[in-house]
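The values are calculated or read from the model by the stated rules, or taken from the named source; none is laboratory data. None of these values were measured; they are calculated from a predicted model. Heavy atoms of the whole protein, side chains included, go into the accessibility calculation; ligands, DNA and RNA do not. Shrake-Rupley method; radii C 1.70, N 1.55, O 1.52, S 1.80 Å.
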Amino acid sequence: MFEVAVENSFDFQSPEYASLFARSVASAFQHPRWLSALYGKLAIGNSIAPLIIVIRFADDKRLAMVLPLVRQRYAMLRVVEFADMRVSDYVSPVTDAATFAQIAADPACVAAIRRLCRPYDLLRIGKLADQSLRLERLFDIERESMGMNAYATPLDETYPLWRQRRLERSYCKELDKKSRQLHRKGAVRFECARDAAAIDATFEAMKFYRGLRFGDPKNGGDLLQLPAYYDFYRGMALDGRDDATRTYTLWLDDRVIAGVLGLAHRDSSFLVILGGFDFENFKNQSIGSLMFEQVARDCIERGERVLDFTIGDEPYKLTFGAEPAAMWKISRPGSPLGYAAELITERMPAVKSLARRIFHKPHETSGQADAAKSVPKEVTPG
């Protein structure tokens, strides 16, 4: 019923993939623009190689499912992972639920997928949302908790109603007070940046603020300081501004004091993926919280139903009425080395911490950054 092959030059901008994505239950992080940019700008160099498994219906060659993976090497350890590169918060096979069920129930198809993933020492895929397709069925393993949650807040019909239902009354009063303080400092303007100059100004400001707050990416800090990641995010903001992305900017007079980048998904949700705020000068005004409040207002006015803060257990998300949803991972050793690595890192906390730093450390290759999967981004308001 299915044909399975590796197509590492697969065109994610093609009409056939756009059609597949539109009828799929995949997340915004499998959007055609996102995956095209991810493979084109981040999965480069000698340490990361694409592994794009494509399943087609045998009768008419239509796309049935795409599984966007990569091969990554950490010292001696060969690892197969989802195409994540530390920038995607949710992973998913790209297909609809009914087709996935057919694929998972087809022994020959499942066997072909497993064969094409080899060789590896370790297969590991994280960032599986609670309601995501059961990718573990393709590998006959059980999903395990990542020990963290994603958070999303429902958006109501109007902004006042959302504030009333989702925010504590005392917190609303506090934010109103902070807003008045900020407006006394100058002309405050919130906008969804559309032209290239405004987007560039927002990104330069976010890079500066995040560098001050999170530090060098080589020591676990901010990826936006790396040229390849800066180009990736900025390129997404510019290329996707008509459909896939939105860049929000908060100005004080003629200066950017806060910025947020996010993904618009299926006209129903907005996913926050990157933020930068001038905490040094406006921490007392809770500038991050004021920014997210305005983002929520804009999303509601667009008719969207969910503001998704994505992965990470930062307490501020709860103040906006966000609700936690568990995140999951799967892993399977493919060699004695992979089995030993999995066993040691899971049973010895100190070794697990070291492995996390190794797996999450970005590498520089030929002047560009390669990267492994990560813990979630830091997007913390004041």
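Size of the stretch 194-252 along its principal axes in angstrom, Cα-based, largest extent first?
Result, largest extent first: 35, 27, 15 Å.
Sort Asp298, Asp242 by heavy-atom solvent-accessible area, probe 1.4 angstrom, most to least. Numbers along the way, then the final one.
Values: Asp298 30, Asp242 125 Å².
Accessible-area ranking of Asp298, Asp242, largest first: Asp242, Asp298.
With every protein chain kept in the model, how would you rank Phe232, Phe57 by accessible area, 1.4 Å probe, largest at the top?
From most accessible down to least: Phe57, Phe232.
Amide H of Arg78: which non-local residues (sequence gap of 5 or more, or other chain) have their own amide H closer than 5 Å, using H built in the peptide plane?
Those lying under 5 Å, H to H, from Arg78 are Asp121, Leu122.
Given just the C-alpha atoms of the stretch 161-274, how large is their convex hull per residue in cubic angstrom?
138
Rolling a 1.4 angstrom probe over the protein chains, ignoring ligands and nucleic acids, what is the accessible area of Arg234 in square angstrom, nearest 10?
Its accessible surface works out to 80 Å², give or take rounding.
Could you check how much of the accessible area of the stretch 53-123 is carbon and sulfur, as a whole percent, using a 1.4 Å probe?
61
Can you run the Rg to Rh ratio on the stretch 89-151? Use alpha carbon positions and the Kirkwood inverse-distance Rh.
0.97
Would you work out if the stretch 60-101 is rounded, prolate or oblate? Take a ≥ b ≥ c from the square roots of the eigenvalues of the alpha-carbon gyration tensor; rounded if a/c is under 1.5, else prolate when a/b is larger than b/c, oblate otherwise. Spell out each step's value before the answer.
Details: a/c = 3.20, a/b = 2.04, b/c = 1.57.
Here the stretch 60-101 falls in the prolate category.
If you plug each phi of the stretch 255-270 into the Karplus form 6.51 cos²θ - 1.76 cosθ + 1.60 with θ = phi - 60°, what whole-Hz ³J(HN,Hα) values come out, in order, with x for Gly and Pro?
Whole-Hz 3J(HN,Hα) from phi for the stretch 255-270: 10, 6, 10, 7, x, 9, 10, x, 10, 8, 10, 6, 6, 10, 8, 10.
Tell me, what is the Rg over Rh of the chain, with Rh the Kirkwood radius over Cα pairs?
Result for the chain is an Rg/Rh of 0.98.
Sort Trp251, Trp34 by accessible area with a 1.4 Å probe, largest first.
Listed by decreasing accessible area, they come as Trp251, Trp34.
Any idea of the accessible area per residue across the chain, 1.4 Å probe, to the nearest Å²? Before the final figure, lay out each step's value.
Values: 16330 Å² over 382 residues.
Solvent-accessible surface per residue comes out at 43 Å².
Residue-wise, which Karplus ³J(HN,Hα) couplings in Hz belong to the stretch 120-126, taking 6.51 cos²θ - 1.76 cosθ + 1.60, θ = phi - 60°, and x for glycine or proline?
Using θ = phi - 60°, the values come out as 7, 8, 8, 9, 9, 9, x Hz.
Between Phe139 and Asp231, what length in nm is gained on full extension when 0.36 nm per residue of separation is reduced by their alpha carbon distance?
Stretched out fully, the Phe139 to Asp231 stretch lengthens by 29.6 nm.
For Arg189 and Asp243, compute 0.36 nm times the residue count separating them, minus their Cα-Cα distance, and round to one decimal in nm.
Net length gain for the segment: 17.1 nm.
Pull out a ≥ b ≥ c, the square roots of the eigenvalues of the alpha-carbon gyration tensor of the stretch 1-43, then state rounded if a/c is under 1.5, prolate if not and a/b is larger than b/c, and oblate in the remaining case.
oblate
Enter the accessible area of Glu3 (Å², nearest 10), with the probe set to 1.4 Å and all protein chains included.
Rounded to the nearest 10, the figure is 80 Å².
Just to be sure I understand: with springs between alpha-carbon atoms less than 10 Å apart, which residue in Asp176, Asp222, Asp313 has the highest mean-square fluctuation in the Gaussian network model of the chain?
Asp176
Given the pairs Lys61/Lys127; Lys177/Lys317; Lys41/Lys127; Lys41/Lys207, which are separated by over 27 angstrom at their Cα positions?
Where the Cα-Cα span goes over 27 Å, the pairs concerned are Lys61/Lys127.
Using a 1.4 Å probe on the protein heavy atoms only, what accessible surface does Ser36 show? Give it in Å² to the nearest 10.
For Ser36, solvent-accessible area is about 40 Å².
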